[in-house]
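Here the structure is laid out as structure tokens; the discussion comes afterwards.
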Protein chains: 2
Amino acid sequence: MIKKYWIEDLAQAEGQKVEVEGWLHRVRKLGKLAFILIKDKTGIVQGVITGKPPFLAEISGEQAVRVTGTVTPSKQQPLGVEIQVEEIEVLGPVLQELPFELNQAEISAGLEHVLDHRVLSLRHPKTASVFKIQSGIIKAFRQFLDKEKFTEIHTPKIVATGTEGGSELFEIKYFDQKAYLAQSPQFYKQMAVGSGLQRVYEVGPVYRAEPHNTSRHLSELISLDLEMGFISGLEDILKLEEEMLRYIFAYLEEYHSQDLALFDATLPEVKTIPRLTIKEIGSILEKEYKKPLEILDLDSESERLISQYVKKEMGSDFLFATHYGKDARPMYTQPSAHDSDVTESFDMIFRGLKMNSGAQRVHEYDVLVNNIKEKGLDPAEFASYLEIFQFGMPPHGGYAIGVERLVIKILNLSNVREAVLFPRDRFRLTP
Amino acid sequence: MIKKYWIEDLAQAEGQKVEVEGWLHRVRKLGKLAFILIKDKTGIVQGVITGKPPFLAEISGEQAVRVTGTVTPSKQQPLGVEIQVEEIEVLGPVLQELPFELNQAEISAGLEHVLDHRVLSLRHPKTASVFKIQSGIIKAFRQFLDKEKFTEIHTPKIVATGTEGGSELFEIKYFDQKAYLAQSPQFYKQMAVGSGLQRVYEVGPVYRAEPHNTSRHLSELISLDLEMGFISGLEDILKLEEEMLRYIFAYLEEYHSQDLALFDATLPEVKTIPRLTIKEIGSILEKEYKKPLEILDLDSESERLISQYVKKEMGSDFLFATHYGKDARPMYTQPSAHDSDVTESFDMIFRGLKMNSGAQRVHEYDVLVNNIKEKGLDPAEFASYLEIFQFGMPPHGGYAIGVERLVIKILNLSNVREAVLFPRDRFRLTP
């Protein structure tokens, strides 16, 4: 029996007759000689066809094929080998004209057109690499947290109330009741910490009924959420994220350098990430850019400017902006013991764009009930969340990263939809 | 500085002064001596308190605490050590009476009451173990598939149409449109195979608007889905699942034997799993149990009987029931080339309960369009699914496991809700 190979492993099969399965990336017929490129999920290999075998008339780009042939050395080829093709079996024919060319360096089509034909667009190696990198980030995130004794949880996306009041929620008809799609697993991950699982993470969808339709908005996104019990303060969370980022980028360097090369992407170095309070940032913005803050919060312009400043002055692609104002943060955020205006909260800003929010959370029942009231909300609405705070809730904190934002920033893509396999936005529900 | 330890690692710290964080599982005060049990997510350790230190009056069960003391050898203790307690800091007090006892061998309360206080119920080591095992199964599933070069994907849960017509879908108000919660990632995982990702898996929620409220029904469940391209036939999928099950059970054996021991659970041995066609099963049921099949499908009673037969006659806890009738399977199921009544489909039955369905799928565009029409559906409704079938779709197949069913069958639990962190059913929306 002929042995089946992944394309990336073909160099190990020099001199052997092999079988390769994948898609025809390119077909060039030159009289008595033909060159084909075969792609599978691991790479691309050249096949050489000599003579005029009967299958030659049948083959064309993007067919799913099984190719049989002998592996021979070839110095010019990236893999160091090519295949002398003996047989091609077409397993999946192409019945229509392609909506765009897939064998050029880029797909030349607008993003909406690409997304309309999303599945086919993924046959382009560069588009596929976006999702290989995304999958790598998620794998590294889990590996790092598993090592730190976090437990993965799966919490409901069908919920009775929002985490922060009622805005921007998708409503569901749930039998005879009304329910909503979860905006975040915030409450559940805190509850899981209190449940004794102590350190938890979740990788799952979150929902935003955002009426905006910009390059940054999605209705459904993948959130990398974590929550850690028994912290001494915000600094424990910042240290955890620092180590996590170091782990993720090292992982990408090791396993995805080829994917990254398609985008000329340079991975950032994660040294100690500068920590600046919002008040300090306000002084810097005033002094350097004549743009003082009006409130204890950053808009996207301020994020961009302070990020630029930190890069120039401190040589870091990352920044922890800490201690946001009380009004800028949700009711579950721990107030600062030292400064009653601010909270033990932070945002991580990477190359000018906010990647995630996090904080130490309130763990004292009375403080939490009070905070809920101060925000004009009714504690009774939050009864099932509040219960565990009466039964031994330890100090805790965490954060949530939207993986799509991280991907577009690493690859320097301009629209967050490019980092979603099948995006959902204000208007898009298919494919 | 005093070093912090996970409880499971305390034996390494004999003779040292350590810090341990967790919850007080039990507090027994005996005059000048007191014994406490401290639990964290890794285990339970005994602490001994001598004299009457001031903190003694303050402590009680289920408080979140930080305990400082010296680790001393103790032959009677499961860990081989205990802690001579010097200090206890209460980090999270208990403000109310517990709804049930947490330090007995079992929680004595009905399931609904337990689920009403789900978070607290997880402080019981046995309940927590259910979710440690679940998390272990999912980790093993991913590890196995990563090794086999599958890519993890995340597909939308907000969809425009159901995968099998319109029944049992939850409806969402999606801006000005109607949308639904996905019943399965079926279409998307097939599309992802065709996209060139070739082998994919997804771990995510699926939704069933089932009006039933039984011990087996959930509105939201976690599905372990996979799909593999370039298969030669159904047997490739059966082999993959066999190896996957072997991997998962070996993983549980290695990492979760303590969790399993709490349930006296015996892991099954996965040898070659018997394959029986539905027609063969029909003959067996008729001969052995005088219960012939009326149609080419199994009801839950037939599943139970044939599973019992296979255990008795073939010594296997598992069975692949194959080749279900055309009417019993969805339109994307590959018809059999040898027998026009049946399909290249299977169910995996474990200890009498169906764990998952799977099949080779239709990959030929014309056959698929025809099948859709034969089921009385309109191909136009499935346009975004059908597109890739015109552009080089290889033969493929896969299956989906509901992780909750697997967990209850391994642990011999009676209600599927016991295997969901925060279950959603006909009536339950909180916590």
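The C-alpha radius of gyration of chain A, expressed as a fraction of 2.2 N^0.38 Å, stands at 1.18.
In the structure shown, the pairs A:Lys157/B:Lys354; A:Lys39/B:Lys147; B:Lys157/B:Lys178; A:Lys3/B:Lys149 are assessed against 24 Å; a Cα-Cα span above that value is assigned to A:Lys157/B:Lys354. Per-residue Cβ neighbour counts within 10 Å put A:Met1, A:Met355, B:Met331 in the sequence A:Met1, A:Met355, B:Met331, beginning with the fewest. Averaged over the residues of peptide A:184-197, the number of Cβ atoms from other protein chains lying within 10 Å of each residue's Cβ is 5. What separates the A:Arg28 label point from its copies, with the point 7 Å along Cα to Cβ, is 8.2 nm, written shortest first.
Helix-only arithmetic for chain A: the sum of -39500 (n - 2.57) across DSSP H runs with n ≥ 4, divided by the residue total, places the mean residue ellipticity at 222 nm at -8000 deg cm²/dmol. Of all segments of chain A bounded by GluC sites (Glu not before Pro) found in a DSSP loop with no more than 11 other C-beta atoms within 10 Å, the longest spans A:107-268. Here the relative contact order of the stretch A:125-419, from alpha carbon pairs under 8 Å that lie six or more residues apart, stands at 20 percent. Note on B:Leu56 and A:Thr72: the model spin-label points, each 7 Å out from Cα along the C-beta direction, lie 8.9 nm apart.
Fewest-first ordering of A:Arg28, B:Arg405, B:Arg216, A:Arg424 by other beta carbons within 10 Å of each residue's beta carbon gives A:Arg28, B:Arg216, B:Arg405, A:Arg424. Remark: the stretch B:351-357, residue by residue, has Karplus-estimated 3J(HN,Hα) of 6, x, 10, 5, 9, 7, 10 Hz, where x stands for each Gly or Pro and the curve is 6.51 cos²θ - 1.76 cosθ + 1.60 at θ = phi - 60°. For the stretch B:398-410, putting each phi into the Karplus relation 6.51 cos²θ - 1.76 cosθ + 1.60 with θ = phi - 60° gives couplings of x, 7, 9, 10, x, 5, 5, 5, 4, 4, 5, 6, 5 Hz, in residue order, rounded to whole numbers and with x for Gly and Pro. Placing a label point 7 Å from the Cα of B:Glu171 along the Cα-to-Cβ direction, the residues of the stretch B:200-222 with a backbone N closer than 20 Å are B:207-212, B:219-220.
Distant-in-sequence amide contacts of B:Glu152, defined by a placed amide H-H separation under 5 Å and a gap of 5 or more residues or a different chain, comprise B:Tyr201. Once divided by 2.2 N^0.38 Å, the Cα radius of gyration of the protein assembly as shown becomes 1.00.
Chain A holds its axis-closest Cβ, relative to the rotation onto B, at the residue and whole-Å distance A:Ile172, 3.
Note on B:Lys17: aspartates and glutamates with a C-alpha under 14 Å away, same-chain residues under 8 apart excluded, are B:Asp9, B:Glu82, B:Glu86, B:Glu87. If R0 is taken as 51 Å, the Cβ-Cβ distance between B:Leu30 and B:Asp146 corresponds to a FRET efficiency of 0.45. When the Gaussian network model of chain B links Cα atoms closer than 10 Å, the mean-square fluctuations of B:Ser74, B:Ser316, B:Ser336 top out at B:Ser74.
For the options B:Lys126, B:Lys312, B:Lys41, a Gaussian network treatment of chain B with springs between C-alpha atoms closer than 10 Å singles out B:Lys312 as fluctuating the most. Using a Gaussian network model of chain B in which every pair of alpha carbons under 10 angstrom is joined by a spring, one finds that among B:Leu98, B:Leu218, B:Leu298 the greatest mean-square fluctuation is at B:Leu98. In whole angstrom, the stretch B:3-92 maps to an equivalent ellipsoid with semi-axes of 18, 14, 12, each derived as √(5λ) from the alpha carbon gyration tensor and ordered largest first. Among B:Ser384, B:Ser121, sorting on how many other beta-carbon atoms sit within 10 Å of each Cβ, with the fewest leading, yields B:Ser384, B:Ser121. Take A:Asp327, move 7 Å from Cα toward the beta carbon, and the resulting point lies 6.8 nm from the same point in each other copy, nearest first.
Considering only B:Val71, B:Leu33, B:Ala11, the residue lying farthest towards the positive end of the dipole of the stretch B:3-92 is B:Leu33, judged by Cα position with unit charges set on Cβ.
Each copy carries a label point for B:Glu210 at 7 Å from Cα toward Cβ; from one copy, the others' points are 3.6 nm away, ordered from shortest. If one computes P(r) from the Cα atoms of the stretch B:215-284, what percent of pairs lie at distances over 16 Å? In whole percent, the long-distance tail amounts to 68.
In order along the stretch A:286-293, the Karplus-derived 3J(HN,Hα) couplings, from 6.51 cos²θ - 1.76 cosθ + 1.60 at θ = phi - 60°, round to 5, 5, 8, 10, 6, 10, x, 7 Hz, and Gly and Pro are given as x.
How many angstrom separate the Cα center of the stretch B:251-280 from the Cα center of the stretch B:298-324? Between the Cα centre of the stretch B:251-280 and that of the stretch B:298-324, the gap is 15 Å.
Laboratory data are not the source of any read-out in this text; all were calculated from the coordinates shown. Remember, it's a predicted structure, so these values are computed and weren't measured experimentally. Counting neighbours? That spans all protein chains shown, and the Cβs are built from the backbone with ideal geometry, glycine included.
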